[in-house]
Each structure stands twice: as structure tokens, then as C-alpha cells.
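In what follows, a structure is listed as C-alpha cells, so that the remarks can point back to it.
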Amino acid sequence: MIRPGADARIHLYREAVDMRKSINGLVAIVEAEMALDPFSAQLFIFCNRQRTLIKMVAWEGNGFALLMKRLDKSRFQWPTALPLSVVELNTQQIDWLLAGYNLTVMQGHDRLPHHRVL
């Protein structure tokens with residue numbers, strides 16, 4: 001499975017999207033509704049109304065990549081209770097989302113700002 005790198009910026013669009021849209025339609029949402037630059041080194045994630053299909057779009061320097069995951073018997077745990085229409089995720093959270101975990105209750109350990117051992 002293709003997953004973003006550890007330093008990738010990942011933006012999840014919470015509203016349901018018509019999955020007949022391909023790259024051009026999804027990039028138009030990134031520009032118009034998310035107010036973000038689709039040509040930046042970021043990953044943009046969209047889901048259908050039934051929460052059974054996710055599409056991810058990313059600019060790779062010379063063209064867009066479109067990734068898709070469709071579930072056959074279950075649904076993605078989409079973060080619908082959050083107040084923002086665009087949510088920024090880290091790579092661990094996108095792994096949780098694709099694995100079926102609920103992002104609103106999943107919280108990893110905080111990173112500690114230690115700079116030396118002694």
C-alpha cells in the first residue's frame with residue numbers, strides 16, 4: 001500500500017464528495033473550498049457520502065497522483081464531529097483512518113521535547 005512519508009502534510013476534507021469526480025474535480029475542491037494549493041507537497045483526502053470510498057490526491061512535481069481505497073463490507077470512521085471542514089492529519093492518523101479506527105478517540109502519546117540525556 002502506498003502511504004505518505006513521515007514529513008507529509010495531510011489534509012482531510014470532512015464533507016462528502018461525489019466520487020465520480022476524478023483528479024480535476026478534486027483539485028478544484030482543494031483550490032475553491034479548502035483554500036489550499038494543490039501543487040504543494042501535500043496529500044488531500046476525500047470520502048463519499050456512504051463512507052465506503054476514499055480518494056487521495058497529491059502533486060508529485062510533474063503530475064497528480066490519485067489513490068483510491070474502497071471498502072466492501074464496512075465503512076470508514078470519518079471524523080464528522082470535528083468543527084472544521086478541513087482537518088490536518090499526521091501519518092499515524094492516516095494509517096489509523098485507513099485501518100478503520102475512529103480518529104476522534106484515537107490519540108497517540110505526546111512527543112517530549114528532550115534535547116539531552118544527562
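The values are calculated or read from the model by the stated rules, or taken from the named source; none is laboratory data. Quick caveat: nothing in here was measured; it's all calculated off a predicted structure. Note that we place each Cβ from the backbone using ideal geometry, even for glycine, and neighbour counts take in every protein chain shown.
Does P4 fit the bill of being in contact with a helix residue (DSSP H, G or I) (Cβ under 8 Å, 6 or more places away or on another chain), assigned to a loop (DSSP other than H, G, I, E, B) and at pLDDT 90 or above? Outline the logic, then answer.
On the way: in contact with a helix residue (DSSP H, G or I) (Cβ under 8 Å, 6 or more places away or on another chain): yes; assigned to a loop (DSSP other than H, G, I, E, B): yes; at pLDDT 90 or above: no.
No, not satisfied.
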Query raised in the report: Within segment 14-29, can you find the residues that are in a loop (DSSP other than H, G, I, E, B) and touching a strand residue (DSSP E or B) at 6+ places or on another chain (Cβ under 9 Å)?
Result: V17, M19, K21, S22
Query raised in the report: Got at least one residue in segment 30-39 being within 19 Å of N102 (Cβ to Cβ), in contact (Cβ under 8 Å) with a residue 12 or more places away in the chain, in a loop (DSSP other than H, G, I, E, B) and touching a Ser or Thr at 6+ places or on another chain (Cβ under 8 Å)?
Result: no
**Report entry** Sole exception among (1) under 21 Å from E31 (Cα atoms); (2) of a type in the set (D, E); (3) free of Cβ contacts under 8 Å to residues at least 60 places away in the same chain for E88, by number
**Finding:** (3)
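Results for (1) touching a Pro at 6+ places or on another chain (Cβ under 6 Å); (2) surrounded by 12 or more Cβ atoms within 10 Å (Cβ to Cβ); (3) of a type outside the set (S, T, Y); (4) at pLDDT below 90, shown as yes or no for each residue.
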position: A41; (1), (2), (3), (4): no, yes, yes, yes
position: Q50; (1), (2), (3), (4): no, no, yes, no
position: M56; (1), (2), (3), (4): no, yes, yes, no
position: G63; (1), (2), (3), (4): no, no, yes, no
position: T80; (1), (2), (3), (4): no, no, no, yes
position: N90; (1), (2), (3), (4): no, yes, yes, yes
position: Q93; (1), (2), (3), (4): no, yes, yes, yes
position: L103; (1), (2), (3), (4): yes, yes, yes, yes
position: H109; (1), (2), (3), (4): no, no, yes, yes
